[in-house]
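First comes the structure, then the notes that go with it.
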Amino acid sequence: MSFKNQYIQDLYNQVVKRNAGEPEFHQAVREVLESLEPVLEVHPEYITSGVMARLVEPDRIIKFRVPWVDDHGVVQVNRGFRIQFNKAIGPYKGGLRFHPSVYEGIIKFLGFEQIFKNSLTGLPIGGAKGGSDFDPKGKSDAEVMRFCQSFMTELCKHIAADTDVPAGDIGVGAREIGFLYGQYSRIRNEFSGVLTGKGLTYGGSLARTEATGYGLCYFTEEMLNDHGTSFKGKTVVISGSGNVAIYACQKATQLGAKVVTMSDSNGYIYDKNGIDLDLIKQIKEKERKRIKEYVNYHADAEYHEGCKGVWTVKCDIALPCATQNELDLEDAKILVANGVMAVSEGANMPSTIEATQYFINNNVLFGPAKAANAGGVATSALEMSQNSMRYSWTFEEVDQKLHNIMINIYHNASSAAKRFGLEGNLVAGANIAGFLKVADAMYAEGVV
Ligand code: NDP
Ligand code: 2IT
């Protein structure tokens, strides 16, 4: 691979060297730098003022031991991370991921992407991400609580409502945010909006739970509308069955589509009659069980081992909502051969670079993660606003704001792509539109 601009090529080589063994971070940086080449031709000042060099280096990486005692009295030790990437346009903001695959490279790629996503929302939030290699699966509530308390005992030294505001991501939902908030509030002796995704009884925002999935569908509907079509009557394939997937399924169905699949890391279900979402919520949100349970209630639905098979199901629209690199070139070829017209990313970086390129080259409408899944963090920023005002908006008010934000993100990404001669390429458009606001701020704020 080679960049046209020698400075960018050297910068990328340096990123790879400095962050050896972190392929996900290299991938995220490469995609952004490729998109920005036409911008840097007309804005060389972003190179000469060191904006580019500073952008790829986090402000700070916090790494800590998380010791906790399991239900058998055995001491367990996990690793905790918070990477505060960029705060040029607002306090650090981004989720926490608890999953055994978490290491520095995953948090770095997520934190880097968060800079541009958060900028795209139009709200004043900088980029960060955190997490741990702790696996909440199979742990008791008491174990999860002890882990969260230990994690926050260290993390609370580095965050505050105007400094850094974490939220959920994979493995971190309402239960974990509650335990994390309780410990923060206890240690700091304050009641503040230091986390988002909080419960409604202690400062949470209505519609935050639904926001990422709903926002994904609002963005996708606008993209489809712009090309003379909509969700109505379409067959939709969704991967994942967590927070994002569940509310994407709900909104796509409300918009007139039929969702026929959902998955977890073990396998996927296919229900030709359309997914029974109440049942999914019962299995995944309440019982915390595996998705294969679904077929015990719906005899004519199918369960298939292995989550990759989900992309072989014929559909009009695909919404990857599980995890990074879950959709590769082979999957993209099958989707295109089966006639897919749109792919919109609910997860962060779910498509490999080769898969993304294949969709774009084959005229599939492609909604990149930074734009398409920004509704979650946008609503988190609305939660921060409500916390600052000590006031709450109704569900309808928050949902309406979210809807407007997603429509604006689509049009901003689309017009940025057009402005730089890349009409229809929302990957480039989202990267460019997100970058310009941050780059302007960094330039104005000087070398810091
Ligand atoms: P959840 O933990 O609620 O759900 C994650 C889902 O993805 C589960 O079905 C899980 O299956 C599946 N999954 C996780 N890891 C893998 C893997 N390695 N292979 C296959 N399947 C996997 O997380 P969310 O729904 O919150 O997050 C999903 C994606 O959306 C992530 O990429 C996240 O970064 C992104 N995102 C989340 C936002 C939010 O507000 N929550 C906002 C924007 C993006 P299993 O149960 O088997 O692990
Ligand atoms: O990837 C993401 O945007 C999130 N996990 C949500 C972050 C947030 O701060 O709400």
Per-region count, segment 82-110, residues under 16 Å from residue 29 (Cβ atoms) and near ligand 2 (Cβ under 10 Å from one of its atoms): 1
Selection within segment 1-20 - of a type in the set (A, V, I, L, M) and either in a helix (DSSP H, G or I) or touching a Lys or Arg at 6+ places or on another chain (Cβ under 8 Å) (or both): 1, 8, 11, 15, 16
Any hit, segment 210-222, residues being surrounded by fewer than 22 Cβ atoms within 10 Å (Cβ to Cβ), under 26 Å from residue 426 (Cβ atoms) and away from ligand 1 (no atom under 16 Å from the Cβ): yes
Segment 77-91: number of residues that are farther than 15 Å from residue 153 by Cβ, away from ligand 1 (no atom under 16 Å from the Cβ) and not small (Gly, Ala, Ser): 5
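Kindly establish whether residue 134 is within 16 Å of ligand 1 (Cβ to nearest atom), farther than 30 Å from residue 367 by Cβ and of a type in the set (Phe, Trp, Tyr).
On the way: within 16 Å of ligand 1 (Cβ to nearest atom): yes; farther than 30 Å from residue 367 by Cβ: yes; of a type in the set (Phe, Trp, Tyr): yes.
Against the criterion (within 16 Å of ligand 1 (Cβ to nearest atom), farther than 30 Å from residue 367 by Cβ and of a type in the set (Phe, Trp, Tyr)), residue 134 qualifies.
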Yes/no for residue 32 being among the aliphatic types (A, V, I, L, M), surrounded by 21 or more Cβ atoms within 10 Å (Cβ to Cβ), modelled with pLDDT of 95 or more and out of contact with any strand residue (DSSP E or B) (no Cβ under 8 Å at 6 or more places or on another chain): yes
Candidates 198, 251, 232 - the one that is away from ligand 2 (no atom under 15 Å from the Cβ), crowded, with 19+ Cβ neighbours inside 10 Å and not β-branched (Val, Ile, Thr): 251
When residues of segment 92-125 are limited to those that are farther than 26 Å from residue 65 by Cβ and small (Gly, Ala, Ser), the one farthest from ligand 1 (Cβ to nearest atom): 122
Odd one out for residue 362 among (1) away from ligand 2 (no atom under 16 Å from the Cβ); (2) buried (at least 20 other Cβ atoms within 10 Å of the Cβ): (2)
Selection within segment 272-284 - within 16 Å of ligand 1 (Cβ to nearest atom) and assigned to a loop (DSSP other than H, G, I, E, B): 275
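The values are calculated or read from the model by the stated rules, or taken from the named source; none is laboratory data. Treat the numbers as computed from the prediction; the structure is a model and nothing was measured. Neighbour counts run over all protein chains shown; Cβ positions are idealised from the backbone, glycine included.
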